[in-house]
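Q: Below: one structure in structure tokens.
The values are calculated or read from the model by the stated rules, or taken from the named source; none is laboratory data. Quantities reported herein were computed from a predicted structural model and do not represent experimental measurements. Reconstructed Cβ throughout: ideal geometry from the backbone, glycine too, with neighbour counts over all protein chains shown. When the accessible area is computed, the model is the full protein with side chains, heavy atoms only, and any ligands, DNA or RNA have been set aside. Shrake-Rupley method; radii C 1.70, N 1.55, O 1.52, S 1.80 Å.
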Amino acid sequence: MRLFWKRSGIVASLIAFSSFLLLAAPVTAQASSTTTSSPAVSYVNTLANQRADPHIFKHTDGWYYFTATVPAFDRIILRRAQSIQALGDAAETTVWRRKSSGVGSGQVWAPEIHFIDGKWYIYVALGVANEWRIRAYVLEASGANPLTSTWIEKGIIKTNWDTFSLDATTFTVNSTRYLVWAQQDPSRSGENSSLFIAPLQNPWTIRGTAVAISHPDLAWERIGYKVNEGASVIQRNGRIFMTYSASATDHNYCMGLLSASATANLMNPASWTKSRTPVFVSNANTKQWGPGHNSFTLSEDGKSDLMVYHDRGYKDINGDPLNDPNRRTRVQKVYWKADGTPDFGIPVPDGNTPVRLRSAVPSGLFLRFYTGNSVPSGSVALEDTQFRIVNPGLSGNGTISLESTSNPGVYLRRLNGSQVQFEAGRNLNTAASKASASFNRRSGLANGSGISLEASDAGGQYLRLQAGGTLVVSAASSTTDQEQATFYLE
């Protein structure tokens, strides 16, 4: 199974043609459409260089707390800030260092920070020097600020088997707190790690016998290494969604998804449904490779779910990928489909995070990219409805441009008259062509909470989504015209 998909047909079209007709997709009629609304978010990637396995926790005190694996694998670091973007430049505090001998004298991997019953806890994988003996471990601290608190070692999490274990995380469902972690299953020879779950007696002690809920039994989970690891949980719509990472930590690294009803018996492996295909993979167009080991958090206004993950900006690695230091922390919005399941899309390009533009009228339609001269049938990929708002636009200060997320470097432009197209940026090399791919951002003509986009080279002409799904640039004189020219950012 392929771990990433190059949009070869689109790339070939970009080479062969300079522009494409743009229409809008009637997403409410598409089975895989992403329709649940939340406001747009704005972040700039990369958030933190050389920080892998990132974990961001939004606390009730209004601060975000960040930890991650450092390339030296020798310490646990924490940052805090009152916005996610500010974490990138926040001062970093080392709260624990590698020991000289014994447990904790080897690898220090994948810390996570949690606040449980009034205390701070860090789950981390610790190794022993000169041995391949890695186990999940717990630290505890009291105090308002974990960066200045004293951390106490609570010890190894004792599971039902004394085998390789790491990547512990915790969540609560119906007043029961669970631990999920990755561990080598002694009954499955030749596999590196599976995912296990058990209820917790306290934050460092499991209760009862753990059960495996996922093994690396699919082809895309077994490239380089046979791995299920790095689980993270998000709960929405009465369901539990658990992402995890698979395969080697090079460009083959990718994410899978487990799900269960919030009312199910989570200790019954049959309660969990596993996606047969990966849900987040490398993308050649956006130049993002090996995305995975994610965590979830909330936007500053609490209205949008966010995924924090690591990847690299290049595909080829010499030697063991674990020795390559350049996994970096990134963040992007999680969207939700009409059926209540998450849509992670693709790892977005570097720079400003993209948005979706939802039409006020017709209701429920999004601007989308595609090639051809008519709206294609079938499902619509999330990334084809995402655009980066380039500010300033190609025409300079005071304008913006819309750049495709699925095909970076391709921009929406106005042709003579009302027709619009997508055009490769390399062809927008004159002042006139750049102006045709630039817009003046205005308050929504029909509703000030939305936006309207006026052609920078044709005053009074606005981007409009017509009832039939065609996108045009024309005057917006009637009430219907103004509604069609108003978009909400998501």
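Q: With (1) open to solvent by less than 40 Å² (accessible area, probe 1.4 Å); (2) farther than 25 Å from N160 by Cα as the list, and R236 as the residue in question, which single condition is left unmet?
A: (1)
Q: I'd like the residue in region 163-200 that is out of contact with any strand residue (DSSP E or B) (no Cβ under 9 Å at 6 or more places or on another chain) and not hydroxyl-bearing (S, T, Y) and, out of all such residues, is most open to solvent (accessible area, probe 1.4 Å).
A: Taking the candidates together, the pick is N174.
Q: What number of residues within region 306-315 are under 16 Å from E490 (Cβ atoms) and either surrounded by fewer than 18 Cβ atoms within 10 Å (Cβ to Cβ) or touching a Gly at 6+ places or on another chain (Cβ under 9 Å) (or both)?
A: Adding up the residues that qualify gives 0.
Q: Out of curiosity, is V348 aliphatic (A, V, I, L, M), at pLDDT 95 or above and assigned to a strand (DSSP E or B)?
A: No; evaluated as a whole, the condition is false for this residue.
Q: Something else about it: If you go through region 254-285, how many residues are crowded, with 19+ Cβ neighbours inside 10 Å and free of Cβ contacts under 8 Å to residues at least 40 places away in the same chain?
A: 1
Q: Next question, about the same structure. Checking N318 against (1) at pLDDT 95 or above; (2) exposed (fewer than 15 other Cβ atoms within 10 Å of the Cβ), which single condition isn't satisfied?
A: Exception for N318: condition (1).
Q: Continuing with this model, one more query. Any residue at all in region 286-297 that is farther than 14 Å from M242 by Cα and either of a type in the set (K, R) or free of Cβ contacts under 8 Å to residues at least 24 places away in the same chain (or both)?
A: yes
Q: Report, by residue number, each residue of region 70-124 that is open to solvent by 10 Å² or more (accessible area, probe 1.4 Å) and in a helix (DSSP H, G or I).
A: If the condition is that a residue be open to solvent by 10 Å² or more (accessible area, probe 1.4 Å) and in a helix (DSSP H, G or I), then Q85, A86, G88, D89 are the ones that fit.
Q: Given the condition more than 26 Å from the chain's Cα centre (by Cα), of a type in the set (V, I, T) and open to solvent by less than 70 Å² (accessible area, probe 1.4 Å), answer yes or no: does some residue in region 136-148 qualify?
A: Yes.
Q: Right, something else. For region 76-87, does any single residue satisfy the condition of being over 30 Å from Y43 (Cβ atoms) and not small (G, A, S)?
A: Within region 76-87, none of the residues are over 30 Å from Y43 (Cβ atoms) and not small (G, A, S).
Q: Hey, does region 357-377 have a residue that's open to solvent by 20 Å² or more (accessible area, probe 1.4 Å), within 24 Å of I451 (Cα to Cα) and assigned to a strand (DSSP E or B)?
A: yes
Q: Counting only residues that are outside any strand (DSSP E or B) and in contact with a strand residue (DSSP E or B) (Cβ under 7 Å, 6 or more places away or on another chain), which one in region 321-340 is most open to solvent (accessible area, probe 1.4 Å)?
A: A338
Q: On to the next question. Checking A467 against (1) of a type outside the set (S, T, N, Q); (2) within 20 Å of L357 (Cα to Cα); (3) open to solvent by less than 20 Å² (accessible area, probe 1.4 Å); (4) over 30 Å from the mean Cα position of the chain (by Cα): exactly one of these is not met. Which one?
A: It fails just one condition, (3).
Q: R426 - would you say it is surrounded by fewer than 20 Cβ atoms within 10 Å (Cβ to Cβ) and more than 29 Å from C254 (Cα to Cα)?
A: Criteria met by R426.
Q: Which one of these does Y225 not meet: (1) closer than 18 Å to A125 by Cβ; (2) open to solvent by 20 Å² or more (accessible area, probe 1.4 Å); (3) within 22 Å of the chain's Cα centre (by Cα)?
A: All conditions pass for Y225, except number (3).
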